[in-house]
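Since every read-out is calculated from the coordinates, none of them should be taken as a lab result. All values reported here derive from a predicted model rather than from experimental measurement. Glycine gets a Cβ as well: all are built from the backbone with ideal geometry, and neighbour counts include every protein chain shown.
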Amino acid sequence: MPPMLDVSDEVRAEIGDEEADRLLVGDDAPRSYDCTSCRTPGDPQSDPTSTVLFVGEETAVLAFAHATCIPSQVVTVSEEQLQGAVASITGDSPAPAPAGVPQNAPGGQAVLGITSGLVLIGGELHPALVVEPTAPIARPGSDGPGDDFLPLLIEQGFIPVTDTSELPAGLAGWSVLLAAGQLHAVLQPGLDGGRPVSWWQAHQALSVTDGWRAAVNKTQRVLIYAAPVGSIGQQPREDLLRDALDKAAAAGKLVAASMPLAGTPGA
C-alpha cells in the first residue's frame, strides 16, 4: 500500500520526477517521522503526510510533516539556518540563543530580542512572540540617532496596539517558520512576489514550551508584538510579560500582527 504522501508541484520541481515518484510509491518514504512542525510522531501509512523541502544556498533537506500542520512546500532559508534545522531534525541542536538579526537593519547589525509566551485573548490562549531590539533602529540611509523601528514596521503593515485584549489583524505574506518543534525565523514577502525571505532568523533554533507548541498547533497562527528598545525587557513570567505589553500599548509604543505558520493558508 503506497504511503499517504503529498509531494507538491513546487517540491517535485526541486527534487525531480524520479525522486518524487519513488516517494509516492513508498520506495524512499520514511516508515515514521517526527513532524517538522509540531514535533510529534507521524506514520505516512496512516497519517496524511506533507513533504517539506528546506533549501539553502548550497544544500537542501527533505523533511516530513503532518498534512494537518502544513502543506507540502519549499522553504528557502539561509545555509546557517538550514544547518540549524538539520540539527533540530536529527536531535543534535545546540542550546537556543535569545536573539536574531533583522534582515532590514542598517548594516545588518541591529539585534532583535525574541521572547515567546502565551497571551490570553477572548478566553483563549494564543501563541505570541515579543520582538524588542537591543538598540534603536534607524531608517536605512538615515544619519540621525532616532529610533524608526515602529514606523518601519507600520509601513510593512503592522498595526499600532491600543488594547491588548483585541486580536491583532493578519499580515499578508508574512509567516513564522517552526521546524522540528523549534522556532527558526519570521518570514516576510520576497521582492516582486518571490519566495519569502527571513526578516528575523535565529542564530540557533529557539526552543518553545510544550504549551506554546500546543497552542500554535491549535490556532495555526502566531501573534507578533513589537516594541522599541527598553519598552518590554526580559520578563521571567508570562503575567509580567502581559503587564509590560499593556504598559507599552498605553504609551503608544506597541505594534502587532497575526501571521500563520510558514506554508499554511491565509495571512
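Some points to look at:
- With R₀ fixed at 45 Å, the C-beta to C-beta distance from LEU191 to ASP28 puts the FRET efficiency at about 0.85.
- Shown for LYS247, LYS253: other C-beta atoms within 10 Å of each C-beta, ranked fewest to most, produce the order LYS247, LYS253.
- Calculated FRET efficiency for the pair GLU58/THR162, C-beta based, R₀ 35 Å, to 0.05: 0.15
- Segment GLU19-ARG139, extension gain: residue separation times 0.36 nm, minus the distance between their alpha carbons: 38.6 nm
- Contour excess over end-to-end distance, with Cα ends at ALA169 and ARG237 and 0.36 nm allotted per residue: 21.9 nm
- Alpha-carbon centroid distance for the pair the stretch 211-267 / the stretch 7-46, whole angstrom: 33 Å
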